[in-house]
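First the structure, in the form of structure tokens, and then the observations on it.
What follows is calculated from the coordinates using simple rules that are stated; it is not laboratory data. Keep in mind that this is a model prediction, so the values were computed, not measured. Cβ: placed from backbone, ideal geometry, glycine included. Neighbour counts: every protein chain shown.
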Amino acid sequence: MSVSTTSASRSNRKAKGDGHERRAEILTAAERIFVESGYDGATIRKIADEVGLSSTALYMHFSDKGEILNEICRNTFERLAERNRGILADTAPALTRLRRIAEGYVDFGFEHPNAYRLAYLTPTIETRHGVETIAQKAGGELFAAVVAVVEDAVAQGVLRGDARVLAQVIWASVHGLVSLMITKPYFDWAERDVLIRTQLDVLFNGLTAL
């Protein structure tokens, strides 16, 4: 019996493949398991089973689940940054660029709710890489880019105030909308596009009136 069980277990495991492809499979599986089970409830064994690997094989790609979570967060911030690069390079007025950044942020949250939850709604995991993880650094760089556009808006005279404070107000506003809607799907929300447009209208009309 033990021989047949072992054989069956091995037959369910995937053959060795490309390292980048396998890491991507692990991250996709872990993203779902972290959201469903919570960080404490997720285990290396659960993640490994999901992708058809042994725990030992998974450790060849990641040292622990904290490193997996940090990688998911880093990838999330990098994908958001990639969305912003074209906007940041545009010559449109600063306020137009800020609104497009805010819209892109909201769209990303709804398109990738699991990744968004883990990047923005999960306590930071301090791994052996140190307190300031790669993910935190990427998130900081993403926010710094938004501050730079706000500084342009202040320089153009369309916004007044401290650029860092204004950038945090914009972020807090759109984050609040996304986080509420993806964590409270049972609430009787208004039609999403109308709600987003109204939220951004109120936000930017208020900022320009300061």
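Worth a mention:
- Label-point separation in nm, Glu50 to Thr28, each point 7 Å along Cα→Cβ: 1.2 nm
- Taking each residue as 0.36 nm, the span from Asp90 to Ala57 lengthens on full extension beyond its C-alpha to C-alpha distance by 7.4 nm.
- Listed residue (Val150, Ala172, Phe110) projecting farthest to the positive dipole end of the chain, Cβ model: Phe110
- Sites excluded, trypsin sites (Lys or Arg not before Pro) in DSSP loops with at most 11 other C-beta within 10 Å, longest stretch of the chain: 17-127
- Using the Cβ-Cβ distance between Val165 and Gln199 with R0 set to 25 Å, the FRET efficiency works out to roughly 0.85.
- Choice from Leu118, Leu53, Leu180 with maximal GNM fluctuation in the chain (Cα, 10 Å cutoff): Leu180
- Estimated dipole of the chain in Debye, rounded to 20 [Cβ of Lys and Arg +1, of Asp and Glu -1, Cα centre]: 440 debye
- Label-point separation in nm, Thr43 to Glu141, each point 7 Å along Cα→Cβ: 3.6 nm
- Taking each DSSP H run with n ≥ 4 as -39500 (n - 2.57) and averaging over every residue of the chain yields -24500 deg cm²/dmol at 222 nm.
- Likely footprinting exposure, Trp171, Trp189, fewest C-beta neighbours within 10 Å first: Trp189, Trp171
- Where labels lie 7 Å past Cα in the beta-carbon direction, separation of His175 and His20 in nm: 3.1 nm
- Mean separation of Cα contacts under 8 Å, 6 or more apart, over the residue count of the chain: relative contact order %: 20 percent
- If the segment from Gln156 to Arg79 were pulled out straight at 0.36 nm per residue, it would be longer than the present Cα-Cα gap by 24.8 nm.
- Translational diffusion of the chain, µm² s⁻¹ [Kirkwood Rh, Cα pairs; Stokes-Einstein; 4 °C; 1.567 mPa s]: 67 µm²/s
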